[in-house]
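Single-structure report; data block below.
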């Protein structure tokens, strides 16, 4: 990672389907992470330093050093959720609570890290039927939706993700998706945990070229800017404060 | 548990301090759970069947049968958090997501089950200095505060619990506590996880007779009524829905 | 209103369409308010005393005496929003802030009272095309959804109400509706204002017999129970507190 | 307003106390608005164009042209709330719903515009007794708190503002204040209304030099950046959509 960048982003991808399924290979020949990394670099230029990490690397590419430097992490996983070591999940969770932003994409809803941070199953309905998905904006003016034109946008073919999505009520609900087959879905949600900001965004099935879509890239890159940590120094550990913090006495205006 | 009761409540207490610390023994000779159980029975009478369970029982008193029958569980723990088996925590979490209410009391903030459901450290500041705690109502009219007179109520001596309390933003914030030494605390909070309702209430240090207090008992017993499950049948498991749910065609009014 | 009832409900209806449009007259020969009143009486029996009020009555049927006695008010309006006197809206708003529950139905989204309480335009998209509406549950276990079977329910023909619905983010989002024509809608929402609980529920177009539907009646009658005031006595007026509330000094446990 | 600036800010101040009370004149010889304007210019430099407006100007300084250009408005009022014309309040409300940010300061809690947007009385407790106020951070990592060091910060002498603060539950609660006399207060809150972001911040009594404080200036200037509108084009007016939005048919991946 270069030291001049304002923001260090790590794109984590399990990188399994791209190497085993021809249709996915065609959409993402170098992996979903590379398409996301390019979109981030194109959007934020020299302000950002993007790093990729995959499941099969030592420590899944998430060494202590990488974690410490990362301001915002993207997470794409599906077939390999169970292969992610708990010790790494522990560390990612700790970093989120310390302030690292986390963007959880599509099937990442069932990842260990997202379930850990939500406290629920994060399960949902799903169907692969090449359906149109229409994402309606319900938080107009939100910075994560900046630049999205109109009241909704569409994906011509998408995997259906439907309610009930077993998550805590989001802090902010940004879009609700409509699917041809009869379902709806809370497709863009924000959460705060500790000092960290979390964004879940559902579009992104590997068999569709969704991460090449302008609106999808716009939302993800907006979310990265939104999720980056501030420089606050509040500590989260439990502390036994032995005495009242300071003498408390009436004061006069200075 | 009797079968005629509308509501089955399990009061779980680690039951450690009451058997080792004279001051706690004096406040709660038969254990904190017995005082809570009495308050619940006194309030709800024949509508409720109350069961107690403690850490040292087999399965911590939380067999599958007990868990399946429990509508609302109270949780008091402190010195023994680490001694609670993960397998039991798994089961309690599952029951909450299925709809069982959970009332987490005082030092239960650091219990495995609460941290599991919140996704954060749940840590806070604390100090034992016999301080006055004044609980200000910020959600007037909430059913959990029903019967509390005035704009605040006080505990003459309480353990200080102070911010930052590392929890997700509560769905509802009911009271904010003021402490003599200079701290504030979000002392009564609600959360929803899956189909389950969760209430965290901070007063209750073992060295003070706080669970004998009228307002504290009132809030806890109100919360039990609030947290009881409804009879909804929504399932939370992930499901692959192979076809659109039903033929979709314009309809005329019946 | 009878004095033995636990809960006094006032069903307010502008009562215009039922007297001018044959199709509405057929669905609601005595007015939408009478169908709602019957459903409430059937559900809650002797626990409830139901009163109806309409736009053309003196003070729109909402005298100070009626308002003072009302625990929960239902509001259905459409063509006559502008005919509701501001002085009555002032009084209804005050009663909500004092703790009166308010259930706003369908086209009541554009009523003066709802817009007043929300602070936004409360506008939305709409279309009358006899479309199927499917209401998906997103807050399973919520007491307002008690007794609703399954993960969604349907209305065979409904007026489309679609996003963007210009409301503040609801405190709780209970259902999201799917419409055949391509829209979604946050169709069941809760809000708190002062001591009052507010529930907005969108189904209910006058040209369809929607208020005869079991699920719709169940949700509305559940909401009435949810919205009823507690007996708390917190006052909301501004107050100049001249002195600190009480001497603040360290205390010892009693 | 200069055209090169990224952000146009209007600081509105009733400007009454500064001209009639010596102590206020001493703190703010040219008016509270001038101190705020300087702080904003010092923080954001050429990125911002700051304009001041006061009650005694024609249209209170808020012509259609000024309103149309304003990205973020600050509002300080107290003695003159009732003197603000309803027609201007209507226009400010409309601009907020269209996306203009609004920062409401201190006694602005009782302004027409804030009450209009909240739907509640916005009343609170208060006392002038030169008390210490300690603001505890409860949303660490929030961009509005960026640069605030430590877990709390203090104002040596402040007017007490206490609960119950009659507002809707904030979308985000950032700080909770502790006062020597025994009160707490939700002192920094965010709300969304339409496309507009609203921030309420309670410190700022005219008899204290609070707007010269570093932390207070930092939070207000942070909030301006947070509240600025995005360039989204979602419209909020009610619309009758006569036909389903587009032909809905199964699609194949492109």
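For helix B:214-227, what angle does its Cα long axis make with the longest principal axis of chain B, in degrees from 0 to 90 and rounded to 10?
Its long axis makes an angle of about 10 degrees.
Explain nothing, just the number: relative contact order of chain D, from Cα pairs under 8 Å at least 6 residues apart, as a whole percent.
Values: 498 pairs, mean separation 49.9, N = 254.
That works out to 20 percent.
Counting only other chains, what is the mean number of Cβ atoms within 10 angstrom of the Cβ of each residue in peptide C:183-191?
On the way: counts 10, 14, 5, 5, 0, 0, 0, 0, 3.
Taking all residues of C:183-191 together, the mean is 4.
Ordered shortest first, which distances in nm separate the 7 Å Cα→C-beta label point of residue B:19 from those of the other copies?
So the label point of residue B:19 gives 5.4, 7.5, 7.6 nm to the other copies.
Using only alpha carbons, build the gyration tensor for the protein assembly as shown and give me the equivalent ellipsoid semi-axes, biggest first, whole Å. Write out the running numbers ahead of the final one.
Details: eigenvalues 278, 255, 249 Å².
So the equivalent ellipsoid measures 37, 36, 35 Å along its semi-axes.
Can you give the helix-only mean residue ellipticity at 222 nm for chain A, where every DSSP H stretch with n ≥ 4 adds -39500 (n - 2.57) and the sum goes over all residues, rounded to the nearest 500 deg cm²/dmol?
Values: 7 runs with 63 residues, N = 254.
Theoretical 222 nm ellipticity from helices: -7000 deg cm²/dmol.
For the stretch D:96-221, take the alpha-carbon Rg, divide it by the Kirkwood Rh, and send me Rg/Rh. Mind showing how you got there, number by number?
Values: Rg = 13.8 Å, Rh = 14.7 Å.
Answer for the stretch D:96-221: 0.94.
Using Stokes-Einstein with the Kirkwood hydrodynamic radius over Cα pairs, what translational diffusion coefficient do you get for the stretch A:104-144 at 10 °C and a viscosity of 1.306 mPa s, in µm²/s rounded to a whole number? If you can, show how the numbers build up before the last one.
Details: Rh = 12.8 Å.
Stokes-Einstein gives a translational diffusion coefficient of 124 µm²/s.
On a 0 to 90° scale, report how tilted helix C:32-44 is relative to the longest principal axis of chain C, with both axes built from alpha carbons and the result rounded to the nearest 10.
Its long axis makes an angle of about 60 degrees.
Taking a label point 7 Å from Cα toward Cβ, how far is residue A:57 from its twins in the other copies, in nm, shortest first?
5.0, 5.5, 7.1
Take peptide C:154-167, look around each residue's Cβ out to 10 angstrom, count Cβ atoms belonging to other protein chains, and average those counts.
On the way: counts 4, 3, 5, 5, 2, 0, 2, 0, 7, 10, 14, 3, 11, 3.
So the per-residue partner count for this stretch is 5.
Against the longest alpha carbon principal axis of chain B, how many degrees, from 0 to 90 and to the nearest 10, is the axis of helix B:86-98 turned?
Helix B:86-98 and the main axis of chain B meet at about 60 degrees.
Sorted by average packing, counted as other Cβ atoms within 10 angstrom per residue and highest first, what order do D:217-226, A:121-130 take?
Values: D:217-226: 21.9, A:121-130: 19.4.
Order by mean packing, descending: D:217-226, A:121-130.
Which single residue of chain A puts its beta carbon nearest to the axis of rotation relating A to D, and what distance, in whole Å, does that give?
Nearest Cβ to that rotation axis, in whole Å: A:171, 4.
Take every Cα pair under 8 Å in the stretch C:27-148 that's 6+ residues apart, average their separations, divide by the length, and report that relative contact order as a whole percent. Provide the component values of the computation, followed by the final result.
On the way: 85 pairs, mean separation 21.5, N = 122.
Over the stretch C:27-148, the number comes to 18 percent.
Based on the Kirkwood radius over alpha-carbon pairs, what is the Stokes-Einstein translational diffusion coefficient of the stretch D:36-92 at 10 °C with 1.306 mPa s viscosity, in µm²/s? Provide the component values of the computation, followed by the final result.
On the way: Rh = 12.6 Å.
This corresponds to a translational diffusion coefficient of 127 µm²/s.
Can you pull the three principal axis extents for the Cα set of the stretch A:75-150, in Å, largest first?
Reported extents, whole Å, longest axis first: 43, 34, 18.
What are the distances, in nm and sorted shortest first, from the label point of residue D:42 to the label points of the same position in each other copy, with each label point placed 7 Å from Cα along the Cα-to-Cβ direction?
4.4, 5.9, 6.9
Provide the packing ranking of B:152-159, C:76-83, C:157-164, i.e. peptides ordered by the mean count of other C-beta atoms within 10 Å per residue, highest first.
Details: B:152-159: 22.0, C:76-83: 17.5, C:157-164: 24.1.
The densest-packed peptide leads the list: C:157-164, B:152-159, C:76-83.
How many angstrom lie between the C-alpha centres of the stretch B:110-148 and the stretch D:153-182?
The stretch B:110-148 and the stretch D:153-182 have Cα centres separated by 18 Å.
Convex hull over the alpha-carbon atoms of the stretch A:1-108: what's its volume per residue in Å³?
Details: hull volume 10.7 nm³, N = 108.
Each residue corresponds to 99 Å³ of Cα convex hull volume.
From other protein chains only, count the Cβ atoms within 10 Å of every residue's Cβ in A:141-153, then give the mean.
6
Please say if chain A is rounded, prolate or oblate, where rounded means a/c under 1.5 for a ≥ b ≥ c the square roots of the C-alpha gyration tensor eigenvalues, and otherwise the choice is prolate for a/b larger than b/c and oblate otherwise?
Numbers: a/c = 1.76, a/b = 1.47, b/c = 1.19.
Prolate, since a/c reaches 1.5 and a/b exceeds b/c.
How do the peptides A:40-53, C:181-194 rank, highest first, by the average count of neighbouring beta carbon atoms within 10 Å per residue? Please report the intermediate quantities before stating the final value.
Details: A:40-53: 17.1, C:181-194: 24.1.
Descending packing order for the listed peptides: C:181-194, A:40-53.
For the stretch B:187-233, what is the convex hull volume of its Cα atoms per residue in Å³? Display every interim value, and only then the final one.
On the way: hull volume 3.5 nm³, N = 47.
For the stretch B:187-233, the hull spanned by Cα atoms encloses 74 Å³ per residue.
Read the figures in this text as sums done on the coordinates, not as results from a lab. This is a predicted model, so every value here is computed, not measured. When we count neighbours, we look across all protein chains shown, and the Cβ atoms used for this are built from the backbone with ideal geometry, even at glycine.
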